[in-house]
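The structure appears right after this line, and notes come after that.
The values are calculated or read from the model by the stated rules, or taken from the named source; none is laboratory data. It should be emphasised that the depicted structure is a prediction, and the values quoted were computed from it without experimental measurement. Reconstructed Cβ throughout: ideal geometry from the backbone, glycine too, with neighbour counts over all protein chains shown. Ligands, DNA and RNA are excluded from the accessible area calculation, which covers all protein heavy atoms including side chains. Shrake-Rupley method; radii C 1.70, N 1.55, O 1.52, S 1.80 Å.
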Amino acid sequence: MKKIIIIVLHFVVILTLLIVLGIFTGNSGGSTNTKFTGELEQGAVIKVLENDTAKKQGYLAELINAFNEAYADKGIQAVDANMSESDDLTTSGPFGYGADVYYQPNDQLMAYVDGGHIIPLPTSLVDCYDVLNDKAVGGLSRDGVMYAVPVNVQSSLLYYNKQALPADWKENWDDNKNDVPDMLESYPALYEYSMQLKNDGDDNTWGFMRGYEQPYFCLGYIFTYGAYIFGENDTNVDDLGINAGEGWKGIQILKQLATVMDQRAQNDTITTSAYEQIASGGFFCTITTPDTLGRFQDAIKALGKNPDDVLGITTLPMLPASGDLTDTDSELIPQVSMGGVSGYAVSSYTEYPNACLEFINFATSYDMISTRTEMLGITPARGDVAEEVGGTSEIVYQNLEDGLVYLMPSLSELDFVWPSVTTLFIDVAADAFRTTDAKYTSVEAYKEALNKCQNDVKQALGVFG
């Protein structure tokens, strides 16, 4: 009996030491995770989950073909995981049908950290680490440990049809005479022009169009006036700030913007049709992310037009400090937009961690990120590529530096924020078309809407968080 007890105790001690050593080695940002030996697993077939845009635009196929050609004599290959871009590793991984490499935004990837679903990466083995944007790295790190290699920095840009500008814009829509149309510089001017298009008797022409079903594009309006999600730089979930500052002004702005649209603002109709509508001139402008550039260009080419002649891209217009789009005398302030960082992570359930990291190093090489930028119009997290391509990358990087990009919190608790804010924004859009039963008609109503939203999030965090 004593021998059995001694054997068990020895086993427990050894197991405990192994676990402790594994934890401390795996989570040290500068040291090498025990899973990464540098030896490629022969016969490895790496399943790669990419986003839908990369698949539709042909980039994923090009990446996989290039990798397989380069590593044909190394005994490893990559394949398309053929899974939804929003696949949840927490459910697919443990059951053995998840991908090996995940490309997703930081809010999804970092939600996997708590359960140990992705492997911390040793920065010494990440080839591009020294040229990555620091803020991009921070968005995919926790406590100084990097969990994914950033590829793309996301934020909002204004896409517009140059040919849909009024013919007299230089005379009547350029108050400061800087050769930039007023509706591209300020929301009050954009609101006025959009209202003209709505009321011009042509049901096929619209001004500003953006669906509210994606809160990612709506939150920036309340952030601009002092609201936030979590406190202490989005690390303290006990400090909710959805109703902080004068965030109610952002709700007022959203309702006013909805009035220049129609009921499509409440669903995804505008979002899915925006590429063709901007191309044809049905919409003057919309707001979306840099990586959709290729889809706009394809839609314009499909009409036999030159994208350079049709498509304009610029930073977001300025908002009125008063929070009222009809106030043309208000001081104008820059808009904050929500942003994110998308990157590659290695699943903890993979049998081929070294082959996965090798694929990520290849996919984040200068040549492949340059190709991705050219094909998809992304803002690369690699500073050397961003400097080379300029264009929208310059806009996004400058906005990052100026504090005008609010990176999504890298906490799993963010999942409990999305449902409540989505419900609020869709209801605000609907309110623009209510006649006798409108809800949001006063400052107090706007404030109460944010208070309720915050309480809903707090309750969800208390029950499920």
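At-a-glance table
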| read-out | value |
| --- | --- |
| Unit charges on C-beta of K, R, D, E only; dipole of the range 256-407, Debye | 460 |
| Cβ-placed point charges (K, R +1; D, E -1), dipole of the chain about Cα centre in debye, nearest 20 | 1380 |
| Scaled radius of gyration (Cα, divided by 2.2 N^0.38 Å) that the range 306-442 gives | 1.45 |
| Of the DSSP H helices in the chain, those whose Cα atoms cover at least 18 Å axially and whose Kyte score averages 1.0 or more | 2-26 |
| Those aspartates and glutamates that a straight Cα-Cα span of less than 16 Å connects to K458, excepting residues fewer than 8 apart in one chain | D234, D238, D239, E413, D415, E448 |
| Percentage, to the nearest whole number, of Cα pairs in the chain over 41 Å apart | 24 |
| Calculated FRET value between L332 and K301, using beta carbons and R₀ = 25 Å, to 0.05 | 0.10 |
| Fraction of accessible area attributable to carbon and sulfur, the range 254-371 (%, probe 1.4 Å) | 46 |
| Whole-percent carbon and sulfur share, accessible surface of the range 122-178, 1.4 Å | 43 |
| Structure-based [θ]222 nm, the chain - -39500 (n - 2.57) summed over DSSP H runs of at least 4, per residue, nearest 500 | -12500 deg cm²/dmol |
| Additional length obtainable on full extension of the chain from K439 to D73, 0.36 nm per residue less Cα span | 125.2 nm |
| Net charge, D238 excluded, C-beta distance under 15 Å - Lys, Arg +1, Asp, Glu -1 | -3 |
| Segment D268-K170, extension gain: residue separation times 0.36 nm, minus the distance between their alpha carbons | 31.9 nm |
| Calculated from backbone phi, Karplus (6.51, -1.76, 1.60) coupling profile of the range 238-247 in Hz, x at Gly/Pro | 7, 10, 8, x, 5, 9, 6, x, 10, x |
| Per residue solvent-accessible surface (Å²) - the chain, probe of 1.4 Å | 44 |
| Extreme residue, positive dipole direction of the range 331-439, given options T392, N361, L411 (C-beta unit charges) | L411 |
| Restraint check, K35/K135; K55/K301; K35/K55; K249/K452; K56/K305; K170/K301, Cα-Cα greater than 24 Å | K35/K135; K35/K55; K170/K301 |
| For the chain, with +1 on Lys and Arg beta carbons and -1 on Asp and Glu, the positive-most of M83, G241, T286 along the dipole | M83 |
| Sites V45 and D367, calculated FRET efficiency, Cβ-Cβ separation with R0 22 Å, nearest 0.05 | 0.40 |
| Förster radius 25 Å - calculated FRET efficiency between K56 and N204 (Cβ-Cβ, nearest 0.05) | 0.40 |
